[in-house]
Each structure stands twice: as structure tokens, then as C-alpha cells.
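Notes follow once the structure below has been shown.
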Amino acid sequence: MAYEVTATRKRPQDFEKLVGQEFVVSTLENAIQEGRIAHAYLFSGPRGVGKTSSARLLAKALNCERGMSAHPCGECSSCREIASGTSVDVIEIDGASNTSVNDIRAIKEEVLFPPQSSRYKIYIIDEVHMLSTSAFNALLKTIEEPPEYIIFIFATTELQKVPATIRSRCQQFRFQLIPQELIQSCLKSAADDLSIEADEDALFWIAKEATGSMRDAYTLFDQVAAFSGNHITLQKIRERLNLAGFSKISEITSLSVFGSPEKALEELSGLFEAGVSPEQIVKDSADFFRTILLYKTGIRRPSLLGVSEDDIPKDLVEALSKEQIEAALKAEMDLYRDMRYSISPRFEVELMVSRLSSLSSLVSGESLIEEIKKMREGIAEGKVIVKKKAEKVIVKETSVTTIATPSIEEKKEQPAVVEAKTEEIPIPEAIETKEEEKKEETPPSLIDLSIIPLLQDELRYMGKTVEARYIAAATAIEDNGDSTVLVTMGQAFQYNSLLPSLSYLSKALNKITGRNINIRLELCVPKNTERKASPKMEALKSIFGGNVEFNEVNVLMPEKIENTEKEEKPNDEQSLRIYEADGDSGSPDEDD
């Protein structure tokens, strides 16, 4: 006899053997006994929970030769043909491969013919959500008013994709995930049928990996039984399927959290060498933190925890808070999501294990807010006394500094001494601010060229990069002592560039010195006894002829400029007048 997989061999042949779907079973049995048969049913739910099996059981109950009954005989030709899938009156259609409107038209033509040998002609359409919109529309009138001998049974794993017009014409049954305990008992029965010895922890792991699907559990059981021989153990499963395992992840996490990250990375390297993939390690790590999070919240049921209570590291659960475990679990899930874009998934896992060493010192924002709230309540009730140490900065000869004395409000907000109950614990070297220091006047700051770097940084912070570059050309900075600073420039074009930005220079200097200072900008160009024209001017002279005349510019002497304007200007054909500052020659565009 040919080998039959466990999922097919253990398919339920009556409603009593359909596990985990008590509501569906009871409703269908009562409907069959009372003869309230609908013309269309819609079975929805996760994969492998018994939707198609229930559809076949309903077909057997309706077409049994011994009469319509909730408990068909299973021995008549109709029951055997339906169980084997060879009945001509029970048609199973795969909705994923028959999606077009033409397939539905063929069904509409077939429903006109009554069943050959059965009581009902039943259409079972699996994965009905795969039908096209046109196919659904073509099916609407047929399922609304079919012939009395036609029954439609639809099965789907994605109910939201089925149009509402179809759902409203069907009786809907929602199938649920099968509890882990029931799956484990069914696996135990399957192992006994095959005369295979299976450890409880191995069957527990298979049932947990099935995540509520009986078909997935049977499929994984067949795979495990194939390489385990006559004895299924959890150790064999971990070795052959390259699993990290709960105990190994627990060991690595404990080493990292309790101050031995180098040993944790060595154990992690051993998992990689054993062939465990980075994705599997991250999945097992996320499952580990989920388990200890549930245990931290008080859950003790093994089926929900995923492991027995004895396997959970109690010291690690006590060392970490609920917020810290939640942060680790979220980090693992984010890592699994981002690993597809990483240059090396192994590096990502190693980085995560290294970061776990600082998990115990992680503080959430909620905890900080709670501590601040308690401190404020203590201050308001007088249980906490806050004092502020006076801060004083001495002004040196070439440095620009300020004297900062805390205000009364700052003194109340910044704690320096905390008193718990009635005992006052002063911070070392903490002193109270004296009234004389509060009334002390701020002495003037000595300002000179040494302030240029600080002034440049502040101007760049304000977005004035050009002014920051030109202020470096200042030849002198003098503090007049009357809240006015005189800045002397040596080049005319830099003076002209800084002149419109005096307000920004004043704001920058005020922020550095802590004083309200006004800036006065002056241009002072030294007079040269012997001036030579630039090569460009000499070239122009050779072309146009004439002489090159230099006109000194000094903003500090307006009468000089007035006298210059009164002088008789030479003819343009005979000479070129060039304005230069500090040896820089202008261009012909600067001529008067």
C-alpha cells in the first residue's frame, strides 16, 4: 500500500473528530437534524484548521444513502466517493486556478442539470477570494436563487477579499486556530499509530511551531519523524533543523546582560559555525524576550509561554524591568525587519548581542517622568530642600568671559542639596548664594583682537559666514568703557561689507560678553609714499596712454574727501583715476 501522509491519513471523517471548532460542529449538526439547509455557505479562517474537511463532512451528511444525518455512515458508496474525492455530484473547484468569468459561466450551465445519484449537487470552491471581480459578479444571481438541489460551499483564508455582495448571500462560519494542547494530543496519537516514541518536549515544540494549524503540525511531524527514526527528541530537532533553541538564546542573553559580552559573542559565533542562520537567531531571540515578558507580567501557562516554566531564567527576569524587556523585544523585531537591507546580517546580530550588555541600565521616558514627578511633590511638601551653589567666572587679561550669578528662580529649579525626610545631605563644596554676591556689579570685560575667533564662531552660528570671514581683517578692537567698542578695518571693501551688518556684530558681541555693547566701525588706510600701479593698470595705460593717479580713501577724514572732489579731474584721454586701499588696485568699473 502506498504511503499516506499524516495530514491525509488523519483527516476527520465525521464531525466528532473535527477538533477545535465546536461552534461550527454544533451549528451544522443542529441545522442538519432540523432540515434547515442553506443554499450557500462561506467557511473562513486560517490555513489548516478544517475548512475543506468540514465542507466534505457537510456533503457526506447531506448525500448519505441512509438518509440525511449529522452522523453519516461512511460506508455507503456516496460517503466513500465523497471521502476519496471521486463523487460526480460533489465538485471541488480550486478558486486560485479557475478565476475567470468563463469558469463561472460553465458552472452556471452545469447547475441546470440535477444530480445523477445523490440528493444534492454540491460545489465546493476553495480559496474563493482568488476569483476575479467579473467572476464574482457572474456568480451573484446563481447563488442568490439556485435550483433547490444546488448547494455552494465556499472556503477562504482571506475573508476581507470576498465582496460584501457574496458574503451577504451566504451563511458565514469563522474557523478558529486550534489550541496547542489539542494539537499536541493529536500528534501523540499520530506517533502511537506509527509506533514511534516521541518525547513530550519534542511534541510540544512541533505543536508550538504549528501556530494553531493542524495541517502544518502533521506536515512538520512527518519531516521530524523521517530523520528521527523511532525516537523523536528535541535535541535531534535542534541539530537537524539548525535551531538556536530557547536554552542557547537564554545563555547568550544572560552572559551579555550580566557583564560577559565577550563570552556571549563567542557562544554566538558557535551558533553561526553550527549553521544557524542570522534570521533564525533573531526569530528565536524575539521568541525568548516575548516569553520572559509574558512571565514578567504573571503568565504561567506553558502553552502561552511556549516553554515550560522551569526553563525560564528567573535571575534574568528579576534583573530586567518590564520596560527593558519590551525595548529588547522591539529591537529584535526591528532588526529582523531591517536585515534585508544590511550589508551583513551576521554583523547586525553581533551588534545586537553587544548592545544587550547595557540593557539593564536602560531607563524609559515614563520612568524619568515619574521620578521627576516624585521630586516635585517632595519639594512642594518640604521633604526635599534645593540649594544652588554660586557660580563665578574670573575675567582674565586676554579672555572674554562673563560673571554668571544664578537668579532666584534658577536657584529654586536647580537642586544642589537634597534632604530626605528631616536629614539634610549637602553636596560637597555646595554653598548658599550670599546677598552681597547678588548685588555685585558686573565689571567691564577687556576686549581686544583675541575675541576675533569667538566672534567668528558666533557669526557663523547666526548664518553670517561672509561677515565672519571679513571680521578677521580687523586691525584693532578697543573697548571705550562706555558700552561702545571701536573696530578698525584696514581694507575698504571689507569695511563696506561689514558696515550694513553692524547689528549682527553687536548681537554676537553681546552674546559673548554678556553686556549690551554698541559697535562703531572705522576704516583707516595707511598712506603710501610710493605707489605703483598694478600690472592690469599698466596694460591699460599702454593702450590708452595718460597717467595713473592714486586717490587715498580715509573715512575718518571727510574733509579729505571733500577736497578731493573739488580738485580738477584730468581728462579721461590723458589719465585714469584709480582708487586703491592698502595696495589693492580697483577695476575700471570703480572710476569716478
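Structure summary
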{"item": "Single condition Glu75 does not satisfy, out of (1) surrounded by fewer than 16 Cβ atoms within 10 Å (Cβ to Cβ); (2) in contact (Cβ under 8 Å) with a residue 24 or more places away in the chain", "result": "(2)"}
{"item": "Residue ID - nearest to Leu62 (Cα to Cα), chosen from residues in the range 148-162 that are open to solvent by 40 Å² or more (accessible area, probe 1.4 Å) and assigned to a loop (DSSP other than H, G, I, E, B)", "result": "Tyr149"}
{"item": "Where a residue in the range 234-251 is within 18 Å of Leu329 (Cβ to Cβ) and open to solvent by less than 30 Å² (accessible area, probe 1.4 Å) and its partner, wherever it lies, is part of a helix (DSSP H, G or I) and among the β-branched types (Val, Ile, Thr), with Cβ under 7 Å and at least six apart", "result": "Ala244/Ile281"}
{"item": "Scope the range 74-96; condition in contact with a helix residue (DSSP H, G or I) (Cβ under 6 Å, 6 or more places away or on another chain) and in a loop (DSSP other than H, G, I, E, B); matching residues", "result": "Ser87, Gly95, Ala96"}
{"item": "Filter result (modelled with pLDDT of 75 or more, surrounded by fewer than 18 Cβ atoms within 10 Å (Cβ to Cβ) and under 17 Å from Asn518 (Cα atoms)) within the range 455-492", "result": "Thr484, Leu486, Thr488"}
{"item": "Residue list for the range 45-72, restricted to those being touching a strand residue (DSSP E or B) at 6+ places or on another chain (Cβ under 7 Å) and open to solvent by 10 Å² or more (accessible area, probe 1.4 Å)", "result": "Gly45, Lys51, Thr52"}
{"item": "Exclusive hit being of a type in the set (Val, Ile, Thr) and modelled with pLDDT of 75 or more, set Ile403, Ile379, Ile385, Ile394", "result": "Ile379"}
{"item": "Breaking point among (1) under 21 Å from Val353 (Cβ atoms); (2) open to solvent by less than 50 Å² (accessible area, probe 1.4 Å); (3) not polar (S, T, N, Q), for Lys283", "result": "(2)"}
{"item": "Whichever residue in the range 221-233 is free of Cβ contacts under 8 Å to residues at least 60 places away in the same chain and of a type in the set (A, V, I, L, M, F, W, C) and, among such residues, is nearest to Glu200 (Cα to Cα)", "result": "Ile232"}
{"item": "Positions within the range 257-275 being touching a residue at least 24 places away in the same chain (Cβ under 8 Å) and not in a loop (DSSP other than H, G, I, E, B), in sequence order", "result": "Val257, Pro261, Ala264, Leu265, Leu268, Leu271, Phe272"}
{"item": "Any hit, the range 99-121, residues being touching a Lys or Arg at 6+ places or on another chain (Cβ under 9 Å), within 29 Å of Lys10 (Cα to Cα), crowded, with 17+ Cβ neighbours inside 10 Å and at pLDDT 90 or above", "result": "no"}
{"item": "Residue check for Ala202: crowded, with 16+ Cβ neighbours inside 10 Å, touching a Ser or Thr at 6+ places or on another chain (Cβ under 7 Å) and assigned to a helix (DSSP H, G or I)", "result": "yes"}
{"item": "Residues of the range 35-50 classified as within 20 Å of His71 (Cα to Cα), more than 42 Å from the chain's Cα centre (by Cα) and not in a loop (DSSP other than H, G, I, E, B), total", "result": "0"}
{"item": "Residue within the range 338-351 that is of a type in the set (Ser, Thr, Tyr), surrounded by 15 or more Cβ atoms within 10 Å (Cβ to Cβ) and more than 22 Å from Tyr295 (Cβ to Cβ) present", "result": "no"}
{"item": "Qualifying residue in the range 305-322 (condition: in a helix (DSSP H, G or I) and modelled with pLDDT under 80)", "result": "no"}
{"item": "Scope the range 493-517; condition surrounded by 15 or more Cβ atoms within 10 Å (Cβ to Cβ), more than 45 Å from the chain's Cα centre (by Cα) and not in a helix (DSSP H, G or I); matching residues", "result": "Arg515, Ile517"}
{"item": "Qualifying residue in the range 174-187 (condition: basic (Lys, Arg) and more than 18 Å from Leu234 (Cα to Cα))", "result": "yes"}
{"item": "Identity of the residue in the range 206-215, open to solvent by 40 Å² or more (accessible area, probe 1.4 Å) and under 31 Å from the mean Cα position of the chain (by Cα), that ends up nearest to Tyr3 (Cα to Cα)", "result": "Glu209"}
{"item": "Pairs with Cβ under 8 Å, 6+ apart, first in the range 200-220 and touching a residue at least 40 places away in the same chain (Cβ under 8 Å), second of a type in the set (A, V, I, L, M) and open to solvent by 40 Å² or more (accessible area, probe 1.4 Å)", "result": "Gly212/Leu177; Ser213/Leu177; Met214/Val19; Tyr218/Val5; Thr219/Val5"}
{"item": "For Ser228: the one exception among (1) touching a Leu at 6+ places or on another chain (Cβ under 8 Å); (2) open to solvent by less than 10 Å² (accessible area, probe 1.4 Å)", "result": "(1)"}
{"item": "Close pairs from the range 110-121: first of a type in the set (D, E, K, R), partner in a loop (DSSP other than H, G, I, E, B), Cβ under 6 Å, at least 6 apart", "result": "Lys121/Asp89; Lys121/Pro115; Lys121/Tyr149"}
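Conditions (1) over 21 Å from Thr157 (Cβ atoms); (2) among the aliphatic types (A, V, I, L, M), marked per residue:
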residue	(1), (2)
Glu4	yes, no
Pro12	no, no
Leu42	no, yes
Gly45	no, no
Ser54	no, no
Asp89	yes, no
Gly95	no, no
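Matching residues to (1) farther than 28 Å from Ile183 by Cα; (2) of a type in the set (A, V, I, L, M, F, W, C); (3) without any contact (Cβ under 8 Å) to a residue 60 or more places away in the chain:
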position: Val24; (1), (2), (3): no, yes, no
position: Thr27; (1), (2), (3): no, no, no
position: Ser44; (1), (2), (3): no, no, no
position: Leu57; (1), (2), (3): no, yes, yes
position: Glu65; (1), (2), (3): yes, no, yes
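The values are calculated or read from the model by the stated rules, or taken from the named source; none is laboratory data. All values derive from a computational prediction rather than experimental measurement. Counting neighbours? That spans all protein chains shown, and the Cβs are built from the backbone with ideal geometry, glycine included. Ligands, DNA and RNA are excluded from the accessible area calculation, which covers all protein heavy atoms including side chains. Shrake-Rupley method; radii C 1.70, N 1.55, O 1.52, S 1.80 Å.
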